[in-house]
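The values are calculated or read from the model by the stated rules, or taken from the named source; none is laboratory data. Computed from a predicted model, the values in this text were never measured in an experiment. Cβ atoms come from the backbone with ideal geometry, glycine included; neighbour counts cover every protein chain shown.
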Ligand SMILES: O=c1[nH]c(NC[C@H](O)[C@H](O)[C@H](O)CO)c([N+](=O)[O-])c(=O)[nH]1
């Protein structure tokens, strides 16, 4: 069986120190919600990720997933660097972080920590260890589907490679709604498998690989 051994890690991994971002779309919302729930529950119940360390954000559609993943990752990395600045005084860790963000201070080392870093602003100072992008594309009667699928898969791959943070491709590209329901474990016959489960395990596995 070709697929033997290609299954995602089913053993429990130690996700207790990880912080994970889930970005999901607002298309086909019932199916997307099933996938998000599957990923979230698996990370918490099987891999001990803390619920408060799973951040869930939404975007209009699949085409917006790569941009949101890129931007939210960058912000988390900047906040983490600012937090570290607080800990070690005036060395500016933002130097050399090529985050393509106009707000990134690129002044020489020694610049005072940015205000955000010193005000104890709400929210975690830990950068995300992995991102799961979740969406459901269902083919319509035009070529729109093909173009979005190609753009989104290339875009999501690029965010992961450019950022050095693993981004799980959690986008179903289905020819009809039945296929999508089955892959979220929501089909009437109950014979489907919720792929969100695999994406949750994959996110933990790849985050731990990144942190080796
Ligand atoms: O997430 C989806 N977005 C879809 N389109 C919207 C697209 O992702 C963008 O949000 C839109 O083009 C604006 O950029 C879909 N279809 O068109 O079929 C779809 O099935 N799923």
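At a glance:
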{"quantity": "The stretch 56-74: number of residues that are away from the ligand (no atom under 15 Å from the Cβ) and within 20 Å of residue 201 (Cβ to Cβ)", "calculated": "1"}
{"quantity": "Condition check for residue 53: on the phi > 0 side of the Ramachandran plot and either modelled with pLDDT of 95 or more or more than 16 Å from the ligand (Cβ to nearest atom) (or both)", "calculated": "no"}
{"quantity": "Pairs with Cβ under 7 Å, 6+ apart, first in the stretch 174-188 and farther than 18 Å from residue 198 by Cα, second at pLDDT below 95 and part of a loop (DSSP other than H, G, I, E, B)", "calculated": "175/139; 178/187"}
{"quantity": "Residue list for the stretch 130-145, restricted to those being more than 9 Å from the ligand (Cβ to nearest atom) and in contact with a strand residue (DSSP E or B) (Cβ under 9 Å, 6 or more places away or on another chain)", "calculated": "130, 131, 132, 133, 134"}
{"quantity": "Cβ pairs under 8 Å, 6+ apart, first in the stretch 15-29 and without any contact (Cβ under 8 Å) to a residue 60 or more places away in the chain, second within 9 Å of the ligand (Cβ to nearest atom) and in a loop (DSSP other than H, G, I, E, B)", "calculated": "26/60; 26/61"}
{"quantity": "Cβ pairs under 6 Å, 6+ apart, first in the stretch 189-202 and touching a residue at least 12 places away in the same chain (Cβ under 8 Å), second assigned to a loop (DSSP other than H, G, I, E, B) and surrounded by 19 or more Cβ atoms within 10 Å (Cβ to Cβ)", "calculated": "194/185"}
{"quantity": "Residues within the stretch 45-62 that are touching a residue at least 60 places away in the same chain (Cβ under 8 Å) and crowded, with 19+ Cβ neighbours inside 10 Å, tallied", "calculated": "4"}
